[in-house]
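Peer 1: Have a look at the structure that comes next, please.
Throughout, read-outs are computed from the coordinates displayed, never taken from laboratory work. Remember, it's a predicted structure, so these values are computed and weren't measured experimentally. Here the Cβ is made from the backbone with ideal geometry for all residues, glycine too, and neighbour counts use every protein chain on show.
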Amino acid sequence: MQRSCLALFSGGLDSILACKVLQEQGIDVKAIKFITPFFSHELKDEKKARRYKEKVKQRYGIDLEVVDITPEYLSMVGKPPHGYGRYLNPCIDCKILMIQKALSLLDTFNASFIATGEVLGQRPMSQRRDTLRVIERDSGAEGILLRPLSARFLRETLPEKAGIVDRKRLPEITGRSRKKQIRLARDFGIEDYPAPAGGCVLADPILSKRFKKIFSKWRDYGPEDCILAQVGRHFLLPAGGWLVVGRNKAENEVLSGLVGPDDLVLRATECPGPFCILRRSRNVSDIRLAAQICARYAKTSGFPVTVGMYSDDVTREKIVVEAVPDDKQIHSFMF
Ligand code: SF4
């Protein structure tokens, strides 16, 4: 067995510490950060990925690789064999998938086992003792999946049996309290770490509802739909169009980078207003309604509003519309 492992790396404190406690024992740790449409997708941009790797190396002394698992993740998230958590979070299958992917990369990185930052009893669904066992079994990583932070409460793994990892030197962390992790971070001289994650977008009550709608309405949904769903206000128009409206300057900027080849972009031309994307419809009444909703959020006291429209296959056009008259009507299209 090699003294090297692949560690699942979310960027949270637990995953950092899992790497550090193994490095401390002389293990060569390669951290893997996975990309899906639901987390870390910004790292698809090579420059951002490079900067992120440099930051992790500089801050924590950890070598990191970024691995895109978008296709596998999308097929899993619509129908996860172990079901969902409270919202649309398929935590057990999410972990299984990531561990399976890490398993398939062991040879590439000359590593002999996998580590995660999972903590026994920290989360209700995916970190119970029985669930940790299921994840280990169903991922096919039995014996070579080490959870260094809680390993002393779990069955001994092969790297421990082989003497590569000294079980007695691993910390004994369980439960929801983060006191031990904070103390351990201090011992490693780590002060600059992310606050506990606000949560995965799949576990967000509003976003998960929107994803559910998208999954059921458009069977051909793709990664770009899942990413678009996370920004702005969303409207489902009567002829099937999906309108997304930026809520502020930052969102307008993000949306301008998410325009797809078949999308229609709408924006007020004579006053400040939101960046809007109409997807999945070129129906005339949808386009008119989209322009009226766009006008509703434009910063003007006078109506009507001129809305400009463009896309790859439509030359610039303008339409003059009255804004959707009342909030009740506009809310009826929101999702
Ligand atoms: S919270 Fe999200 S990222 Fe974390 S295990 Fe669950 S589905 Fe995966």
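Peer 1: If we count other beta carbons within 10 Å of each Cβ, what is the order of Val231, Val320, fewest first?
Peer 2: On the way: Val231 21, Val320 13.
Taking fewest neighbouring Cβ atoms as first place, the list is Val320, Val231.
Peer 1: Follow-up question, since we're still on this one. Would you work out the charge dipole size for the chain about its Cα centre, treating the Cβ of every Lys and Arg as +1 and the Cβ of every Asp and Glu as -1, and quote it to the nearest 20 debye?
Peer 2: 1040 debye
Peer 1: So, one more: Where nothing but the Cβ of Lys and Arg (+1) and of Asp and Glu (-1) is charged, how large is the charge dipole of the range 195-335 around its Cα centre, in debye to the nearest 20? Show your work: numbers first, answer last.
Peer 2: On the way: 19 positive and 16 negative charges, 76 e Å.
Here the range 195-335 has a charge dipole of around 360 debye.
Peer 1: Most fluctuating residue of Thr300, Thr36, Thr70 in a GNM of the chain with Cα springs under 10 Å: which is it?
Peer 2: Thr300
Peer 1: With runs of 4+ DSSP H residues as the only contributors, calculate the mean residue ellipticity of the chain at 222 nm using -39,500 (n - 2.57) per run, divided by the residue total and rounded to the nearest 500.
Peer 2: Numbers: 12 runs with 119 residues, N = 335.
The per-residue figure over the chain is -10500 deg cm²/dmol.
Peer 1: A further question on this structure: May I ask you to evaluate 6.51 cos²θ - 1.76 cosθ + 1.60, the Karplus curve with θ = phi - 60°, for each residue of the range 44-49 and list the ³J(HN,Hα) values in order in whole Hz, giving x for glycine and proline?
Peer 2: Rounded to whole hertz, the list is 5, 6, 4, 5, 5, 4.
Peer 1: Something else about it: Just rank Glu118, Glu317, fewest to most, by other beta-carbon atoms within 10 angstrom. Walk me through the numbers before you get to the answer.
Peer 2: Working: Glu118 24, Glu317 13.
Ranked by crowding around the Cβ, least crowded first: Glu317, Glu118.
Peer 1: Would you mind checking which residues have amide H under 5 Å from Glu65's amide H? H placed 1.01 Å from N; only 5 or more apart, or other chain.
Peer 2: Ala31, Ile32, Lys33
Peer 1: Further question on the same structure: Taking the Cα atoms only, what angle lies between the long axis of helix 205-217 and the longest principal axis of the chain, rounded to 10 degrees?
Peer 2: That helix lies at roughly 70 degrees to the long axis.
Peer 1: Say the cut-off is 25 Å between C-alpha atoms; which of Lys55/Lys213; Lys249/Lys318; Lys47/Lys213; Lys57/Lys168 go over it? Numbers along the way, then the final one.
Peer 2: Numbers: Lys55/Lys213 37 Å; Lys249/Lys318 22 Å; Lys47/Lys213 33 Å; Lys57/Lys168 27 Å.
Beyond 25 Å: Lys55/Lys213; Lys47/Lys213; Lys57/Lys168.
Peer 1: Kindly express, to the nearest 10 degrees and within the range 0 to 90, the angle between helix 91-105's C-alpha long axis and the longest C-alpha principal axis of the chain.
Peer 2: Helix 91-105 sits roughly 60 degrees off the main axis of the chain.
Peer 1: What's the angle, to the nearest 10 degrees (0 to 90), between helix 284-296's Cα axis and the longest principal axis of the chain?
Peer 2: Long axis of 284-296 versus the principal axis of the chain: about 80 degrees.
Peer 1: Percent relative contact order of the chain, based on C-alpha pairs within less than 8 angstrom and at least six residues apart?
Peer 2: Details: 585 pairs, mean separation 47.8, N = 335.
The normalised contact order for the chain reaches 14 percent.
Peer 1: So which residue, out of Asn252, Asn283, Asn110, gets the largest mean-square fluctuation from a GNM of the chain using Cα contacts under 10 Å as springs?
Peer 2: Comparing Asn252, Asn283, Asn110 in the GNM, the peak value goes to Asn283.
Peer 1: Which residue, Cys200, Cys226, Cys19, tops the fluctuation ranking in a GNM of the chain built on C-alpha contacts under 10 Å?
Peer 2: Cys200
Peer 1: Still on this structure, please answer the following. Would you work out which of Ile135, Leu170, Leu243 lies farthest towards the positive end of the dipole of the chain? Charges go on Cβ: Lys and Arg +1, Asp and Glu -1.
Peer 2: Farthest towards the positive pole: Leu170.
Peer 1: Under 5 Å between amide hydrogens, which residues at least 5 positions from Leu146 or on another chain qualify, with H placed 1.01 Å from N in the peptide plane?
Peer 2: Ile114, Ala115, Thr116
Peer 1: The range 264-315: which chymotrypsin sites (Phe, Trp or Tyr not before Pro) are DSSP loop and have at most 10 other beta-carbon atoms within 10 angstrom?
Peer 2: Working: sites: Phe275, Tyr297, Tyr310; in loops: Phe275, Tyr297.
Passing sites in the range 264-315 do not exist.
Peer 1: OK, next. Could you give me the ³J(HN,Hα) list for the range 148-155, computed from phi with Karplus coefficients 6.51, -1.76, 1.60 and θ = phi - 60°, whole Hz, x at Gly and Pro?
Peer 2: x, 6, 10, 3, 6, 9, 10, 4
Peer 1: Determine which aspartates and glutamates satisfy two conditions relative to Lys53: a Cα distance under 15 Å, and not lying fewer than 8 residues away in the same chain.
Peer 2: Glu42, Asp45, Asp63, Glu65, Asp68
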